[in-house]
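Inspection log for the structure reproduced underneath, given as structure tokens.
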């Protein structure tokens, strides 16, 4: 658990410094999804990575973007959100607020943006590894 926290905080510190975001697609819910390949890590049979959601219109709370730190299990096709950061400006800029949701597994639909992103990340690790 300590190793996971160290990994999480090290990624948080370097998160926006020189991030290169790759566009996954646009949702019908009104956001564009990206993933950041330089943060993809594998540890203990899980994959850890960041996604960015860039909202086309502000949320009720006035947020224009959010980033999610995810834990994925490639062979099972499930993901868990470990942390979320909401931003007042697009692409992770401006004032931010962190939220740590209950760690629950989600099984994204294969064609959904989260499902597609998870596939990209898992395929990247298979090619790289």
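The values are calculated or read from the model by the stated rules, or taken from the named source; none is laboratory data. Not measured: the values here are computed from a predicted model. Reconstructed Cβ throughout: ideal geometry from the backbone, glycine too, with neighbour counts over all protein chains shown.
State all residues of segment 61-72 that are more than 21 Å from residue 102 (Cβ to Cβ) and either in contact (Cβ under 8 Å) with a residue 40 or more places away in the chain or assigned to a loop (DSSP other than H, G, I, E, B) (or both); if no residue qualifies, say none. Break it down into steps so the answer makes sense when it comes.
Of the residues in segment 61-72, the ones more than 21 Å from residue 102 (Cβ to Cβ) are 62, 64-65.
Answer for segment 61-72, where residues must be more than 21 Å from residue 102 (Cβ to Cβ) and either in contact (Cβ under 8 Å) with a residue 40 or more places away in the chain or assigned to a loop (DSSP other than H, G, I, E, B) (or both): 62, 64.
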All but one of (1) in contact with a strand residue (DSSP E or B) (Cβ under 9 Å, 6 or more places away or on another chain); (2) over 22 Å from residue 27 (Cα atoms); (3) free of Cβ contacts under 8 Å to residues at least 12 places away in the same chain hold for residue 75; state the number of the condition that does not hold.
(1)
Hey, can you tell me all the residues within segment 48-89 that are exposed (fewer than 15 other Cβ atoms within 10 Å of the Cβ) and under 16 Å from residue 35 (Cα atoms)?
none
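Do the conditions hold for residue 20, that is, is it surrounded by fewer than 19 Cβ atoms within 10 Å (Cβ to Cβ) and either modelled with pLDDT of 95 or more or touching a helix residue (DSSP H, G or I) at 6+ places or on another chain (Cβ under 8 Å) (or both)?
On the way: surrounded by fewer than 19 Cβ atoms within 10 Å (Cβ to Cβ): yes; either modelled with pLDDT of 95 or more or touching a helix residue (DSSP H, G or I) at 6+ places or on another chain (Cβ under 8 Å) (or both): yes.
It is true that residue 20 is surrounded by fewer than 19 Cβ atoms within 10 Å (Cβ to Cβ) and either modelled with pLDDT of 95 or more or touching a helix residue (DSSP H, G or I) at 6+ places or on another chain (Cβ under 8 Å) (or both).
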Do we have any residue at all in segment 94-108 that's touching a helix residue (DSSP H, G or I) at 6+ places or on another chain (Cβ under 7 Å) and buried (at least 20 other Cβ atoms within 10 Å of the Cβ)?
no
With the first residue restricted to segment 99-116 and required to be in contact (Cβ under 8 Å) with a residue 12 or more places away in the chain and at negative phi, and the second required to be surrounded by 10 or more Cβ atoms within 10 Å (Cβ to Cβ) and part of a helix (DSSP H, G or I), Cβ contacts under 6 Å at 6 or more apart or on different chains are 108/114; 108/115
